[in-house]
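The values are calculated or read from the model by the stated rules, or taken from the named source; none is laboratory data. Just so we're clear, the structure is a prediction, and the values are computed from it rather than from any experiment. Cβ atoms come from the backbone with ideal geometry, glycine included; neighbour counts cover every protein chain shown. When the accessible area is computed, the model is the full protein with side chains, heavy atoms only, and any ligands, DNA or RNA have been set aside. Shrake-Rupley method; radii C 1.70, N 1.55, O 1.52, S 1.80 Å.
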Amino acid sequence: MTDAMLKIAVVGHTNTGKTSLLRTLTRRSDFGEVADSPGTTRHVEGARLSLDGKPALEWFDTPGMEDSIALLEYLERLDDPDTRRDGPARIRRFLDSPEAHRRYEQEARVLTKMLDCDAALYVIDARDPVLSKHRDELALLAACGRPLLPVLNFVNAPHHRADEWRDAMARLGLHAALEFDTIAPPLDGEHQLYAKLAVLLDRHAQTLHRLADVLMREREERRQAAWQLAADLLIDVAALRVTSPADEEALKSQAEALRARVRRREQACVDALLALYNFHRNDYADNDLPLVDMRWGMDLFHPQAIKDMGIRLGTGMAAGAMAGAAVDMLSAGLSLGTGMLIGAAAGGLWQGVERLGGRLLGKLRGYREITVDDAILRLLALRQRQLIEALDRRGHAAREPVRLDTPADDAWRSARLPKALKEARSRPEWSALNKGHEDDERRKQVVVELARVLARDERDPSPAA
């Protein structure tokens, strides 16, 4: 393996997606300029990839070639019948000619960069027919004596001509080609690209294979981080609760405040996901979360809540009696009477009153607790799953924002909620939207567990397993 940095040019006809390809390969949606009009790129622009903190590969975006037929004829007129020159020598003779700085200035920039690089990607709009100008372009580029890998872009478009292009390139001796749609690239597209470049550039094979491995590892790390962000959102929302007086006007006001907090929390999650994948807010056309149903109640029916109440009562017969009272309240109602419960708590027998006793006393005094309905949690989960999958498959050349379909939540409506969310229901301190937020070790563990559930194949009908 050579220690020199690998240099690869991206070449081709105008408006075939050269800059778009580099946006996707570098994960930079702001790289270069992309427009539907031809000749958008008028100069050479570069971008580097590093390994172990050192530059390993440099990409070069080049202007589109527009007049290859006339240029090839001009090269033939420059040929001296008494002197036999190889391809690179013919190209250098053209670059020394006056026309390289006049009529063919744009093509001269491309060919100059070709001679300076180790290889090139020839980007093809697979929707275009194979024309003589394309064959002449390939003849000019091949004359530079550098390995050339054709990249078929827009292969996801209907009625593309990828097979015609493959046949045409085979006749020119280019048997290795890659299908890589810059808008929605295949998940293993980068790995395929570097693998094929490694065959063409065997001296740099080790570097190219390492780059491919690093990019695959980074992609998996991004996905894991994305599922963690989604899980953290769901735990925050499941554990969120608002206490309100029981009158209708107060309940309506507090419910609307809760909706606003949940919407802001989802937007924060979306912003974090977009940043993780190096996209911007305008890359996602979000729809407002339809928060309609609220839950009204204590949400203390999870076994963990009973356990918390029992283990915090202290010791002795009196503590055991109070534990029984707490369990009785959850399972069968206030059978011991309000006075006895309040008296016991005020007397200090209930050491856990600061966490759970206050909520029970609030209930006894006529307060209501508002939480988000289970259906909204399911919808939130589906929206984040859809967004993560869309971002994972989205190329940085895409110009239309991500638009999510209406989630088909039949499976989640009929299935049980994951255990992690049920536990979060009994732990209001786990929500960063509540006062007294505690990101304790158990919460961290639950977030990891829920992330694994979210990351399952979308065809899995049971989120609670």
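Just one of L208, L187 is within 27 Å of the chain's Cα centre (by Cα) and part of a helix (DSSP H, G or I); which is it?
L208
Contact list please: Cβ distance under 9 Å, first residue in the stretch 427-438 and without any contact (Cβ under 8 Å) to a residue 40 or more places away in the chain, second residue not in a helix (DSSP H, G or I), pairs at least six apart or on different chains.
From residues that are without any contact (Cβ under 8 Å) to a residue 40 or more places away in the chain, the pairs are H437/S431; E438/R427.
If the requirement is being modelled with pLDDT of 90 or more, open to solvent by 40 Å² or more (accessible area, probe 1.4 Å) and touching a Gly at 6+ places or on another chain (Cβ under 9 Å), which of these qualifies: E164, E179, E221?
E179 is the lone residue from the list that is modelled with pLDDT of 90 or more, open to solvent by 40 Å² or more (accessible area, probe 1.4 Å) and touching a Gly at 6+ places or on another chain (Cβ under 9 Å).
Does the stretch 388-410 include one or more residues that are open to solvent by less than 10 Å² (accessible area, probe 1.4 Å), at pLDDT 55 or above, out of contact with any Phe, Trp or Tyr (no Cβ under 8 Å at 6 or more places or on another chain) and not in a helix (DSSP H, G or I)?
Checked against the condition, which is being open to solvent by less than 10 Å² (accessible area, probe 1.4 Å), at pLDDT 55 or above, out of contact with any Phe, Trp or Tyr (no Cβ under 8 Å at 6 or more places or on another chain) and not in a helix (DSSP H, G or I), the stretch 388-410 yields at least one hit.
Of (1) in a helix (DSSP H, G or I); (2) over 20 Å from L387 (Cα atoms); (3) at pLDDT 85 or above; (4) small (G, A, S), A231 satisfies all except one. Which?
So A231 meets the others, but not (2).
Would you check if A205 is among the hydrophobic types (A, V, I, L, M, F, W, C), surrounded by 16 or more Cβ atoms within 10 Å (Cβ to Cβ), in contact with a helix residue (DSSP H, G or I) (Cβ under 9 Å, 6 or more places away or on another chain) and farther than 30 Å from G53 by Cβ?
Considered against the rule, which asks whether it is among the hydrophobic types (A, V, I, L, M, F, W, C), surrounded by 16 or more Cβ atoms within 10 Å (Cβ to Cβ), in contact with a helix residue (DSSP H, G or I) (Cβ under 9 Å, 6 or more places away or on another chain) and farther than 30 Å from G53 by Cβ, A205 comes out as no.
Can you list residue pairs whose Cβ atoms sit under 9 Å apart, with the first residue in the stretch 240-259 being more than 30 Å from R443 (Cα to Cα) and the second being open to solvent by less than 70 Å² (accessible area, probe 1.4 Å) and of a type in the set (V, I, T)? Count only pairs 6 or more apart in sequence or on different chains.
Close Cβ pairs (under 9 Å, with a partner that is open to solvent by less than 70 Å² (accessible area, probe 1.4 Å) and of a type in the set (V, I, T)) do not exist here.
Restricting attention to strands (runs of 3 or more DSSP E) lying wholly within the stretch 1-111, give those where 2 or more residues are at pLDDT 85 or above and more than 30 Å from the chain's Cα centre (by Cα).
It comes to none.
Quick one: in the stretch 411-443, of everything that is closer than 22 Å to A226 by Cα and loosely packed, with under 13 Cβ neighbours inside 10 Å, which residue is modelled with the highest pLDDT?
Among those residues, the one meeting the criterion is E441.
If I filter the stretch 149-156 for residues that are under 17 Å from D67 (Cβ atoms) and either in contact (Cβ under 8 Å) with a residue 24 or more places away in the chain or open to solvent by less than 60 Å² (accessible area, probe 1.4 Å) (or both), do I get at least one hit?
No, because not a single residue in the stretch 149-156 is under 17 Å from D67 (Cβ atoms) and either in contact (Cβ under 8 Å) with a residue 24 or more places away in the chain or open to solvent by less than 60 Å² (accessible area, probe 1.4 Å) (or both).
Which number in (1) over 19 Å from T14 (Cβ atoms); (2) outside any loop (DSSP other than H, G, I, E, B) marks the one condition that H175 misses?
Unmet for H175, out of (1) over 19 Å from T14 (Cβ atoms); (2) outside any loop (DSSP other than H, G, I, E, B): (2).
Counting only residues that are charged (D, E, K, R) and either closer than 11 Å to P147 by Cα or touching a Leu at 6+ places or on another chain (Cβ under 9 Å) (or both), how many does the stretch 109-123 have?
1
Taking only pairs six or more apart or across chains, which ones have beta-carbon atoms under 8 Å, a first residue in the stretch 188-205 that is on the phi < 0 side of the Ramachandran plot, and a second residue that is among the polar types (S, T, N, Q) and open to solvent by 30 Å² or more (accessible area, probe 1.4 Å)?
These pairs meet every condition: R203/T2; H204/T2.
Consider R385 carefully, then state whether it is assigned to a helix (DSSP H, G or I), under 19 Å from E266 (Cα atoms), open to solvent by less than 20 Å² (accessible area, probe 1.4 Å) and modelled with pLDDT of 55 or more.
Spelling it out, R385 is indeed assigned to a helix (DSSP H, G or I), under 19 Å from E266 (Cα atoms), open to solvent by less than 20 Å² (accessible area, probe 1.4 Å) and modelled with pLDDT of 55 or more.
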